[in-house]
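The values are calculated or read from the model by the stated rules, or taken from the named source; none is laboratory data. Bear in mind the structure is a predicted one, so any value in this text is a computation, not a measurement. Don't worry about glycine lacking a Cβ; one is built from the backbone with ideal geometry, like all the others, and counts go over all protein chains shown. Please note that ligands, DNA and RNA were not included when accessible areas were found on the heavy atoms of the full protein model with its side chains. Shrake-Rupley method; radii C 1.70, N 1.55, O 1.52, S 1.80 Å.
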Amino acid sequence: MPVETHYRACNLCEAICGLQIKHENGQVLSIIGDAQDPFSRGHICPKAVGLKDIYEDPDRLRRPLKRTAAGWQEIDWETALDEVAAGLRRQRDAYGPHATAWYAGNPSVHNSGTQLAAPGFLRALGSRSLFSASSVDQLPHHFAAWQLYGHPLLLPVPDLDRTDHWLILGGNPLVSNGSLMTAPDVAKRLQAIQARGGKVVVVDPRRSETAAKADAHHFIRPGTDVFLLLAMTQVLFAEQLVNPGRLAEFTDGIVELEAAVAEFTPEHVSPITGIAPDEIRTLARELAAAGRGVIYGRVGVSVQEFGGLCLWLINALNLLTGHLDEPGGYMFATPALDILGKPGIYTKYDRYRSRVRQAPEFMGELPVACLAEEILTPGAGQLRALVTSCGNPVLSTPNGAQLDAALAELDFMVSIDIYLNETTRHAHYILPPATGLETAHYDVSFHALAIRNTSRYSEPLFDKGPEARYDWEIFEGLRQRLEAGESFDAATAPAPENPETKLDLGLRYGAYGRTGLSLEQLRENPHGLDFGALQPRLPAALRTENQRINLAAPLFLEDLQRARHTLAAAPVAAESQLLLISRRELRSNNSWMHNLPRLIKGRNRCTLQMNPADAAARSLTDGQPVRVRSRVGVVELPVEITPILMPGVASMPHGYGHARSGTQLAVAQFHAGVSINDLTDDARLDELTGNAALSAVPVWVEAAG
Ligand SMILES: Nc1nc2c(c(=O)[nH]1)N[C@H]1C(S)=C(S)[C@@H](COP(=O)(O)OP(=O)(O)OC[C@H]3O[C@@H](n4cnc5c(=O)[nH]c(N)nc54)[C@H](O)[C@@H]3O)O[C@H]1N2
Ligand SMILES: Nc1nc2c(c(=O)[nH]1)N[C@H]1C(S)=C(S)[C@@H](COP(=O)(O)OP(=O)(O)OC[C@H]3O[C@@H](n4cnc5c(=O)[nH]c(N)nc54)[C@H](O)[C@@H]3O)O[C@H]1N2
Ligand code: SF4
Ligand SMILES: [Mo]
């Protein structure tokens, strides 16, 4: 067969870059950026070739595994689905539906088969013990969107290509390639802001790769962004810089917000944040003065004790400065596939609570920081079974070591995953779907979070082969068996529903259906279709009861009381203590791409970074092994002394810790590192949203050995 060319979306991160893949006889010859993709314009990062490596990885699972007394045994799919469904039914009959939990990890939203088919399985499962990576990531964003705009998925994004002022808090898009902001090639878009005379400002306890390219960078003491944001809001009011423009017509609560923030002057918050009052004033004034400007916050401000308040204030600052829903500001995409669901008022909050800690449900989920205690605490309602999909919570959730131990206690665990790793090693069954190059793909979520309106569909490149199952086939197979019970008969059961039917209908009835958009049209246009720059959508897009925005929603004003207490207590860190934050690296993807030699090679990247002054105070030298201790755990790793860390702060990458026994990750084990989440504390939560407070964890560091 001759060399052929295939075009598809990279589904590894939110940037959704278009790829051009040359292949011959089932072998990938090359992967480069698709220059004809109207959105990504040829951009890729080093992870793109990871798709070839995942496809070829000898450690990737291809057939179901069953745990037996004699070790893991490969079994066929029908047996696996039958036994898993029977096991789930047994648990439900014995302990009720809610004693079986579900955890969905990050790649769930990067696999349209999972995203579209998992809900049917969950309905059949009938449990409300649902957990996901959202509560170690982005619940504050959803909470603010729900409170302000009426729907948790109505998330504004920075209109990068038209802005002249971009203020970034707690995001490092040059490394992460952007998040809750789908923007392939952020680096070029950032340069373009500067080239047209604009300014990029970063607030981060670490002089990140993005901060290094910005026009200004301010260190901030981890976990204190809420106070900076309150003071910036106070400055807008005090200096009469509030100018919402047309947004004033449908915005309430401005006066109440002014009163609520009045006490938070720059002088009042400067000691806790570590930012001088003048600098706080400048941050506010520059945002207000920008003709086209936007303030954007991401993981760093979301995974804090006041994540919900931070995201409220980031939205409020954009509104008050007239940047919400305006070109160059904070805008809403118009996706081809609507993800908001049926019209109506969104009510999924505090309908029930977690059993042990009484944490309220939000969006139908409970905080994953509560998962281990729900398994370990005896009593009525104790969790006894778990299904994980696309997740590695042992490495990705706070106090992972405790969860690791808890998983070993479960009666029954099933993992839908492509690797035998730190989490799935506890499963009784592992069901590995076809993935990456073997699957069809549509970015259900990311087109809705994109800084340009586009739509693109990817065909499978390689046939998955008769031995493999698509993720949607697994979910549908389990759904049918759970619904039919004992009477299920594979021979007579209806064919499982391919979610592409749903996708096609959604496209036809969506925003561009009138222009002829359909799955067929996307198939004919493998580089994707461009529907242009973002358009203003307010107030029509609002889902709030009265079609207005309330800047002074009671839940936020009440939660402000918690922030007031913290500020009054003015916790001055003991000199011996550092505040731990996380970092990402370009050649890594959370916990799961460390088994690919091409990406993991080179120097050990799992180091504890700290400032020279903090190292000197502990008589540490660069590269020396150190012991890091928190309330919940201890790890040892080499120290990396660098001035890019704010004094008093330490940083570790997340996703490492592969030395646990019983996994099948040969390469990753060689570069094991240690897990930052053996230090993060499951007791630290943003009480408002349920998001884990992974940032600003107090730790003590000393020489090891
Ligand atoms: N301390 C700290 N902790 C963090 C973070 C942090 O910044 N600091 N970040 C948090 C964030 S933002 C997130 S999103 C979470 C991520 O948390 P998780 O989603 O729990 O972790 P991942 O490492 O993304 O695990 C992905 C899993 O999906 C599997 N997988 C990959 N592709 C497929 C596929 O196609 N199908 C299936 N079924 N499985 C697949 C992989 O083998 C792996 O087991 O971690 C969070 N944890
Ligand atoms: N290469 C790569 N890309 C990825 C991922 C990956 O693991 N590797 N993961 C993907 C996922 S799941 C996500 S959610 C996105 C995340 O995308 P980003 O939000 O851009 O993620 P991070 O790189 O973790 O950047 C968080 C920044 O917040 C800073 N920070 C920490 N604590 C604080 C604080 O208290 N205040 C402030 N102001 N800043 C703070 C950190 O120093 C860091 O620079 O990236 C995605 N893209
Ligand atoms: S930036 Fe993200 S989407 Fe683009 S090639 Fe890299 S991993 Fe893939
Ligand atoms: Mo994430």
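Largest first, the extents of the alpha carbon coordinates of segment 83-132 on the three principal axes equal 35, 20, 15 Å.
The label-point distance for residue 636 and residue 603, in a model that sets each label 7 Å from Cα toward Cβ, rounds to 2.2 nm.
Global dimensions of segment 573-703 from alpha-carbon coordinates: Rg and Dmax equal 14.9, 42 Å. Distance from the C-alpha centroid of segment 146-190 to that of segment 334-348: 21 Å, rounded to the whole angstrom. Helix content alone sets the calculated 222 nm mean residue ellipticity of the chain: runs of n ≥ 4 DSSP H residues at -39500 (n - 2.57) each, divided across all residues, give -8500 deg cm²/dmol.
The relative contact order of the chain, computed from alpha carbon pairs under 8 Å that lie at least 6 residues apart in sequence, is 20 percent. Remark: segment 36-47, residue by residue, has Karplus-estimated 3J(HN,Hα) of 8, 6, x, 9, 8, 6, x, 6, 8, 10, x, 6 Hz, where x stands for each Gly or Pro and the curve is 6.51 cos²θ - 1.76 cosθ + 1.60 at θ = phi - 60°. Taken over segment 245-325, the ratio of Cα radius of gyration to 2.2 N^0.38 Å equals 1.14. Would you tally the net charge around residue 646, using a Cβ to Cβ cut-off of less than 9 Å, leaving residue 646 out, and scoring K and R as +1, D and E as -1? That sum, taken over residues with Cβ under 9 Å, equals +2. Considered as an equivalent ellipsoid built on the Cα gyration tensor, the chain has semi-axes of 38, 30, 26 Å, the largest given first. Counting pairs of alpha carbon atoms under 8 Å apart in space and at least six apart in sequence, what relative contact order in percent does segment 4-56 give? That works out to 28 percent.
For the cross-link pairs 52/348; 213/464; 348/502, the ones whose C-alpha atoms lie over 32 Å apart are 52/348; 213/464. Express in whole angstrom the spacing between the alpha-carbon centres of segment 625-669 and segment 254-302. What the calculation gives is 33 Å, centre to centre.
When segment 573-703 is described by a simple charge dipole with +1 on each Lys and Arg Cβ and -1 on each Asp and Glu Cβ, the residue from 647, 620, 630 located farthest towards its positive end is 620. Rounded to the nearest 20, the size of the Cβ-charge dipole of segment 547-639 about its Cα centre is 420 debye, with Lys and Arg at +1 and Asp and Glu at -1. Computed with a 1.4 Å probe on the full set of protein chains, the accessible area for residue 487 sits at about 90 Å². The dipole here belongs to segment 522-563: it is taken about the Cα centre, uses +1 on the Cβ of Lys and Arg and -1 on the Cβ of Asp and Glu, and is about 60 debye.
Among beta bridges from DSSP that stay inside segment 581-705, the antiparallel ones total about 65%. Per-residue Karplus couplings for segment 337-346, computed as 6.51 cos²θ - 1.76 cosθ + 1.60 with θ equal to phi - 60°, are listed in order as 10, 6, 10, 7, x, 4, x, x, 7, 7 Hz, Gly and Pro entered as x. Here residue 79 sits with roughly 50 square angstrom of accessible surface, probe radius 1.4 Å. Considering only 345, 423, 276, and ranking their Cα positions along the charge dipole of the chain that arises from unit charges at the beta-carbon of Lys, Arg, Asp and Glu, the one farthest toward the positive end is 276.
Computed from backbone phi, the HN-Hα couplings of segment 101-106 come to 9, 10, 10, 10, x, 4 Hz, rounded to whole numbers (Karplus: 6.51 cos²θ - 1.76 cosθ + 1.60, θ = phi - 60°; Gly and Pro given as x).
Close amide H pairs (under 5 Å, H built 1.01 Å from N) link residue 386 with 101, 412, 413, 414, residues at least 5 positions away or on another chain. Size estimate for segment 4-56 follows the Kirkwood approach: the inverse of mean 1/r over distinct Cα pairs works out to 11.0 Å. Using a probe of 1.4 Å on the protein chains alone, the accessible area found for residue 347 is around 90 Å². If you wrap the tightest convex hull around every Cα atom of segment 491-600 and split its volume per residue, you get 387 Å³. Extension gain for the segment residue 196 to residue 568, taken as residue separation times 0.36 nm less the Cα-Cα distance, is 129.6 nm to one decimal.
Placing +1 on each Lys and Arg Cβ and -1 on each Asp and Glu Cβ, with no other charges, gives the chain a dipole about its Cα centre of roughly 500 debye.
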